[in-house]
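Nothing in this text is a laboratory measurement; each read-out follows from the coordinates by a stated rule. The structure presented is a predicted model; accordingly, all values stated were derived computationally and were not measured. As a convention, Cβ positions derive from the backbone with ideal geometry for all residues, glycine included, and neighbour counts pool all protein chains shown.
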Amino acid sequence: MSKEGLASAGRSVSEMKAVLVSLSETEAMRPSGCTGWSVKDLVAHMSSNFKEICEPSPPPPEPVNLPAERLMELLVEPRKDWSWTDVRDEYLRYADDAVAALGVLQDEPLASTPSALADLGTYPMHLLADAFAFDHYCHLRIDLLAPDGPIHRDLPPPDDALVGPAVGWMLAGLAQMQPGLVDELEAPIGLRLTGAGGGEWRLIPTETGIVVTGEPGSTAATVTSTAHHFVLWGTTRHAWRSDCTLEGDERVATRFLDALNIV
């Protein structure tokens, strides 16, 4: 169960709250590191998710079959006309209750209950805490704060407990978010992540998809970067070539890395 993810998400939420109350309206209107969104839009994305956890909107009369990214945009769009204060206050209003709700999902029977997340795949509900740990780590420390984001604020350096669940979510979702990705993985490759949240894994192609394991074994190539930069290049915010080193069969690794795009 992902109580580690819950702790990571809670820490990131506390950091986000401290940053938000310090932002001016001018800063909130700057373009964020998330393409097409201002800082205000980025916060609206997070606040709207929290609001839906705490006070879900009525379901539509007909099932909606849209990609997860489009569903997120639909929550942000009506908030584009909101003031910065209204967006900020919505985040502050729902953040703590949303984290508490994620905590409830760590206990059975909910913990192991499958939850479908549009085209991102289906996961046991306890892993939703890891999803929010990833979402907040990425949006706060990459899309909002410098050097990749537009806002200059100081935060404590990340550690294993903060980054590890974010990386764990990316690895858990890798195969489901891109079902065809296995076709680009010709042979097992190693992923070596250094620094906070780091570790070593093997990505293995099988008939049913990609299996991610921490067990040692043979690989055709090994990809190395920091765990923090994995969040950047794994989501295509950076080109992987700027953050990674390769060992072994570079053609096998390159084919896979060129196709990777974790949402």
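Farthest towards the positive end of the charge dipole of the chain, among the residues 82, 10, 157, is the Cα of 157, using unit charges on the Cβ of Lys, Arg, Asp and Glu. Here the chain carries DSSP beta bridges of which approximately 70% are antiparallel, counting only pairs with both residues inside. Estimated translational diffusion coefficient (Stokes-Einstein, Kirkwood radius over Cα pairs, 10 °C, 1.306 mPa s) of the chain: 83 µm² per second. Ordering 108, 15 from the fewest to the most neighbouring beta carbons within 10 Å gives 108, 15. With contacts taken as Cα pairs under 8 Å and at least 6 residues apart, the chain reaches a relative contact order of 18 percent.
Distant-in-sequence amide contacts of residue 153, defined by a placed amide H-H separation under 5 Å and a gap of 5 or more residues or a different chain, comprise 146. The calculated P(r) of the stretch 3-152, using every Cα pair and 5 Å bins from 0, goes 2, 9, 18, 23, 21, 15, 8, 3, 1, 0 in percent.
Between residue 226 and 194, the built amide H atoms are under 5 Å apart, and every one of these is 5 or more places off in sequence or on another chain. Cα centroid separation, the stretch 96-123 to the stretch 200-263: 27 Å. Comparing 179, 157, 31 in a Gaussian network model of the chain where C-alpha atoms under 10 Å apart are linked, the largest mean-square fluctuation is found at 157.
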